[in-house]
Structure formats: C-alpha cells, structure tokens
Amino acid sequence: MESYIELIIQANEKKFTDVEKVIAAYFLAGRKALGIQELAKTLNVSNSSITRFCKKIGLSNYKELIYLYKYSNKNTQKEQTSGISYVQLNYSLLLNDLIEKLDTEAVKEAALLIDKSRIIHYWGTGYNAFCGEDFQFKFSRLGKLVNVIKDEHSIAMMAHTVQPGDLVILSSLSGNNETIAAAVKTVAEKEVPVIVITANESSPYKENVAVFCLTSSMGKKDMGGISPQIPVLTVIDAFYTEILAMYHQETIKSWIKSEVILKGK
C-alpha cells in the first residue's frame with residue numbers, strides 16, 4: 001500500500017516546479033524528517049519554496065507536512081501494515097484540516113437560520129444527496145420539513161418555487177457550477193437565505209449566500225481515499241450539535257426563570 005505522502009505528492013506532481021520536484025523527491029525517498037530551515041539548507045532551497053510546496057499538495061504549512069510524513073513515510077508504513085492505522089491517520093488529518101477551516105461563528109449563524117426556518121430545501125448532487133438525506137433524518141426530528149433536491153436540473157427549477165420564510169442549504173466540495181450558481185442567485189433575489197457548505201474558498205456561490213461554511217477538501221478522490229461525504233457530514237453534525245446546545249441553554253434559562261418566580265411567591 002502506498003503511503004499517504006506518496007499519494008498526495010503523486011496526485012499533484014504535474015504542478016511542481018523544478019525546485020518543488022527536488023523537495024518531492026526528498027520525501028518520496030523516505031529520508032529523515034528535518035526542520036524547515038535544516039531541510040532548506042540540505043536541499044539548497046528557500047523556506048518559502050518549501051512552504052509553497054506544502055500548499056501545492058493541499059496542506060496548510062510545513063508543520064502539517066511533517067506531522068503527515070512522520071506517520072506515513074515508508075519506515076512507518078512497514079510498522080503500520082494495518083488498514084485501520086491508515087484510516088486513522090487520514091481521518092485525524094481530515095479533522096485537523098476541518099477544525100482549522102470551519103468558522104465557528106458561521107456555524108452559529110447557520111444554526112440560528114435553521115432553527116427559525118420550518119421548511120428547508122437541501123440541494124446536493126451526487127454524494128451530496130446522501131448528505132442531504134442525513135440532514136433530513138436529523139432535523140426532521142426537530143420538527144423541520146426538509147426537501148432534498150438531488151439533481152442539477154431540479155435545483156434550477158425549484159429555485160423559482162422557493163418562498164420567503166424558507167431556507168436553502170447547498171453542499172458542494174467543488175463549489176463551482178454555473179447552473180447552480182444561477183439558482184443560488186435566483187433564490188437570493190427572493191431574499192431567501194442560503195447556507196453553503198463547500199471546500200472552495202473562492203466559490204462563486206459566496207457572493208449570494210447568507211452563511212458560507214468552508215470545510216476540508218480532503219474528501220476529494222486524490223486525498224487518500226476519505227469518503228467524500230465526510231467533510232460535509234461533519235459540518236452538518238456541527239449545525240445539529242449547535243442547535244441542541246441552543247435548546248439546552250433555553251431550557252436552563254426557563255428553569256431559572258421559573259425558580260425566581262416561585263421564590264418570589
């Protein structure tokens with residue numbers, strides 16, 4: 001089984017400059033993990049070149065690269081032959097990436113919109129349709145009516161039937177589809193709020209939405225075999241947990257208020 005570092009380097013090798021190919025070769029050879037300054041000196045490259053290399057393979061910084069490398073280089077792979085270890089590493093990296101990208105304030109704003117909306121239209125094509133079904137299962141238990149739209153053509157049509165007071169939630173890791181972008185704009189013009197979950201920070205959907213939730217891009221096929229639904233499902237779980245916390249706080253406030261009234265009597 002190829003190591004994680006091999007997978008993400010090979011997936012991006014066509015983009016590398018000559019300097020980045022030298023850096024890639026070092027890690028593919030399974031050589032000793034070094035600090036960024038020591039590595040730069042060893043390879044006769046600059047620190048900024050190493051940082052650009054990290055970003056080009058989908059990582060945030062050199063610290064993340066070293067974390068990844070220590071657990072998935074060739075020597076470690078010989079010791080960790082279990083597929084469970086490989087999956088554990090992938091999901092650990094995914095969660096670290098997601099925690100870094102997901103804005104807690106955006107989650108709170110989304111939870112407030114979901115809480116005050118009774119009819120919710122969930123838009124998601126492909127694997128995102130499964131995410132919509134998960135959303136529907138969770139939030140229908142909170143009294144929400146959730147309509148899951150699973151194909152591009154239906155999304156374009158339904159955008160014209162959405163009514164003020166409704167809510168639209170759209171999930172798409174790529175976040176770049178002209179037809180869906182037009183549907184989002186149509187809904188926004190009706191002053192219906194839209195929540196977007198995507199891994200694309202520059203998504204064209206961004207300019208017409210009420211809440212923009214950035215998630216990890218590590219669910220893509222070239223990122224170590226993580227199920228593509230996971231980055232979206234994790235954000236949905238964050239919404240659900242936030243709403244449950246809101247309900248819990250309101251219950252406590254009601255209890256305190258009732259205690260004050262009783263003591264006043």
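The values are calculated or read from the model by the stated rules, or taken from the named source; none is laboratory data. Just so we're clear, the structure is a prediction, and the values are computed from it rather than from any experiment. In this analysis, Cβ positions are derived from the backbone assuming ideal geometry, glycine residues included, and neighbour counts consider all displayed protein chains. We work out accessible area using only protein heavy atoms, side chains counted, and drop any ligands, DNA or RNA first. Shrake-Rupley method; radii C 1.70, N 1.55, O 1.52, S 1.80 Å.
Which value in nm describes the separation of the simple spin-label points at Glu152 and Thr186, placed 7 Å from the Cα toward the beta carbon?
The two pseudo-label positions are separated by 1.5 nm.
Evaluate the distance, in nm, between pseudo-label points positioned 7 Å from the Cα of Lys63 and of Thr161 along their respective Cα→Cβ axes.
The answer from the label model is 5.0 nm.
Return the aspartates and glutamates within reach of Lys55: Cα separation strictly under 18 angstrom, same-chain partners fewer than 8 residues apart disregarded; answer none if there are no such residues.
Lys55 reaches Glu6, Glu13, Asp18, Glu20, Glu64, Asp97, Glu100, Glu201, Asp222.
For a Förster distance of 45 Å, can you work out the FRET efficiency between the beta-carbons of Ser46 and Glu133, rounded to the nearest 0.05?
0.40
Label points 7 Å out from Cα along the Cβ direction at Leu28 and Lys206: separation in nm?
Roughly 3.3 nm, to one decimal.
On a 32 Å Cα-Cα criterion, which of the cross-link pairs Lys150/Lys190; Lys15/Lys138; Lys14/Lys63; Lys101/Lys138 come out too long?
Where the Cα-Cα span goes over 32 Å, the pairs concerned are Lys15/Lys138.
What FRET efficiency comes out for the pair Lys70/Ser227, r = Cβ-Cβ distance, R0 = 35 Å, nearest 0.05?
With R0 = 35 Å, the Cβ-Cβ based efficiency is 0.90.
Roughly how many Å² of Lys185 are accessible to a 1.4 Å probe, to the nearest 10?
110 Å²
In a shell of Cβ-Cβ distance under 14 Å around Ala106, excluding Ala106 itself, what net charge do Lys and Arg (+1) and Asp and Glu (-1) give?
That works out to -3.
Taking the Cβ of Ser48 as the centre, find all other residues whose Cβ is under 12 Å away and add up their charges (Lys, Arg: +1; Asp, Glu: -1).
+1
Net charge around Ser140, counting only other residues with Cβ within less than 12 Å of its Cβ (Lys, Arg = +1; Asp, Glu = -1)?
+2
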